[in-house]
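Q: Can you keep this structure in mind? I'll have questions shortly.
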Amino acid sequence: MSTITTILDMILRSHFAIGVLSVVTAPIVFGVTLTKFRNGNLRLSQGRTKRLYDIMNRKNGGRSASSGALQIAVKDMLGIELPGDTIRFALERDSPLTLLRNIQQAGAHVKFHPRERCFKDARTKPRLSLQQLFQILMLFAVAPYVALVFVGVVFKFIEPIMVATLLSLDLIAMPVLLNAALRADAASRLLKTDTVYPLPLSEVDQQSPIQSEASPKPRKRRTKAGASEGAAGVDPSRVVNSAASAAVLPALATDTV
């Protein structure tokens, strides 16, 4: 009888240890997964980026490259196949690698439209927006863990064996839910490409002089000081000529009479 009690105590302690381990491990898994997928921590070796780097070092960069060359370069770098127009659009932005990784992460949630030069939601009849889907999935990933910690561990409303089992299952499901949530978040950010991934400042500065030339310049008002300066700067020869013409006119008038 004492042997059975000892075995049960060991089982309870082991499940309690698993529960404690799950409580400690879950935040670490959550933080690592969130950082990896949100910030796109992807180590790119020199060999994987060499093709795209050589293309971007050309005179016109990716604009003059063929779609096939761009597809092969991105395939070597990220392992995904994208249309040439999508790659060119990404390379024109200030953070092209981040944008390409977000396209990879978003997957089939969005689709690029070359004529309109923007991403659009590719889902059929979506009931929720991508940002709402992200928030719901994040809630499903975090809420069960918090509930189990407070209800099962802190207040001890659930048996230790059940708490350890549920925490272990939540620890397995958390990365999956986080991955799905961050895919929706990446797709949501792609719909706002002009705001989240703007053009380089050099291209914006090149466009600003054109706009300034097209806009009419305001006319300056002449002040009294400017008028006096203009009068002071009159050519003396013009003054003499005008005086001479004024003297000749009366003489001509008398001759005609």
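The values are calculated or read from the model by the stated rules, or taken from the named source; none is laboratory data. Everything numeric in this text was worked out from a predicted model, so none of it was measured. Positions of Cβ are generated from backbone atoms using ideal geometry, with glycine treated the same way; all protein chains shown enter the neighbour counts.
Q: Would you confirm, using the coordinates I've provided, whether Leu148 is in contact with a helix residue (DSSP H, G or I) (Cβ under 9 Å, 6 or more places away or on another chain) and free of Cβ contacts under 8 Å to residues at least 60 places away in the same chain?
A: Yes: the conditions hold for Leu148.
Q: Now for a separate question. With the condition kept exactly as written, say whether any residue in region 95-106 is assigned to a loop (DSSP other than H, G, I, E, B), surrounded by 14 or more Cβ atoms within 10 Å (Cβ to Cβ) and either touching a residue at least 40 places away in the same chain (Cβ under 8 Å) or in the same structural domain as Thr165 (by TED's automatic domain parsing) (or both).
A: Yes, the conditions are met somewhere in region 95-106.
Q: Could I ask something else about it? I'd like the residue in region 107-116 that is part of a helix (DSSP H, G or I) and surrounded by fewer than 20 Cβ atoms within 10 Å (Cβ to Cβ) and, out of all such residues, is farthest from the chain's Cα centre (by Cα).
A: Ala108
Q: All but one of (1) modelled with pLDDT under 80; (2) loosely packed, with under 12 Cβ neighbours inside 10 Å; (3) not in a loop (DSSP other than H, G, I, E, B) hold for Val32; state the number of the condition that does not hold.
A: Unmet condition: (2).
Q: If you take the residues in region 137-196 that are closer than 30 Å to Leu91 by Cβ and hydroxyl-bearing (Ser, Thr, Tyr), which one is surrounded by the fewest Cβ atoms within 10 Å (Cβ to Cβ)?
A: Thr195
Q: So, in region 71-82, exactly how many residues are farther than 19 Å from Tyr197 by Cα and either touching a strand residue (DSSP E or B) at 6+ places or on another chain (Cβ under 7 Å) or assigned to a loop (DSSP other than H, G, I, E, B) (or both)?
A: 3
Residue-by-condition table, conditions (1) among the basic types (Lys, Arg); (2) closer than 22 Å to Val110 by Cα; (3) in the same structural domain as Pro96 (by TED's automatic domain parsing):
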| position | (1), (2), (3) |
| --- | --- |
| Ile55 | no, no, yes |
| Arg58 | yes, no, yes |
| Gly62 | no, no, yes |
| Ser66 | no, no, yes |
| Asp76 | no, no, yes |
| Glu81 | no, yes, yes |
